1. Enumerate the lysines that Lys61 could reach by cross-link, defined here as Cα to Cα under 19 Å, with residues fewer than 8 away along the same chain left out.
2. I need the shape label for the stretch 11-98. Rule: rounded when a/c is under 1.5, else prolate if a/b > b/c, else oblate, with a, b, c from the alpha carbon gyration tensor.
3. What's the angle, to the nearest 10 degrees (0 to 90), between helix 56-66's Cα axis and the longest principal axis of the chain?
4. Summing +1 for each Lys or Arg and -1 for each Asp or Glu, what net charge is found among the other residues whose Cβ lies under 15 Å from the Cβ of Pro46?
5. Under a Cβ-Cβ cut-off of 12 Å, what is the net charge of the residues other than Pro33 that fall near it, where Lys and Arg count +1 and Asp and Glu count -1?
6. Kindly provide the helix-only [θ] at 222 nm of the chain, computed as the sum of -39,500 (n - 2.57) over DSSP H runs of four or more divided by all residues, to the nearest 500 deg cm²/dmol?
7. Mind listing the long-range amide H neighbours of Arg19? Cut-off is under 5 Å, sequence gap 5 or more, other chains count too, H placed in the peptide plane at 1.01 Å from N.
8. Once Lys and Arg get +1 and Asp and Glu get -1 on their Cβ, which of Gly64, Leu27, Gly81 lies farthest toward the positive end of the dipole of the chain?
Amino acid sequence: MTPGVTPHSPERTCVQCGRTAGKPSLLRIAGRPGSGWEPDPESRKPGRGIYLCRAAECVGKFAGRIRTAKGAARWKMGVEGSLLADKVSAWWAAESERNAGGVDG
Ligand SMILES: [Zn+2]
């Protein structure tokens with residue numbers, strides 16, 4: 001459904017499992033320390049990007065990690081970590097609903 005994909009699309013690394021994949025197959029999280037973070041699935045926002053597999057395991061583990069002070073400190077998120085965790089979880093819930101039907105156990 002995405003005819004514009006080029007063979008040279010840059011690869012990014014999932015911060016959770018370390019797998020590399022083309023940008024379109026990863027979820028970008030945009031932001032910078034001090035100004036807030038949010039899911040940026042269309043890669044339009046400025047700022048630093050964090051990439052995650054669009055997979056329940058990576059999204060779920062990442063959200064759990066940034067809810068903790070230690071996990072959030074990895075990206076200097078502070079209290080914004082738990083705000084972002086909520087946004088990421090909400091995004092994932094909506095995304096999973098859209099993709100419902102092809103779920104394996
Ligand atoms: Zn991953």
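Throughout, read-outs are computed from the coordinates displayed, never taken from laboratory work. Note that the coordinates shown come from a computational prediction; the quantities given were computed from them, not determined experimentally. So basically every Cβ, Gly included, is an ideal-geometry build from the backbone, and we count neighbours across all protein chains shown.
1. Lys61 reaches Lys70, Lys76, Lys87.
2. Rounded.
3. Between helix and principal axis, roughly 20 degrees.
4. +2
5. Net of charged neighbours comes to +3.
6. Details: 3 runs with 35 residues, N = 105.
After summing the helix terms and dividing by the residues of the chain, the value is -10500 deg cm²/dmol.
7. Counting only residues 5 or more places away or on other chains, the set is Cys14.
8. Highest projection toward the positive end goes to Gly81.
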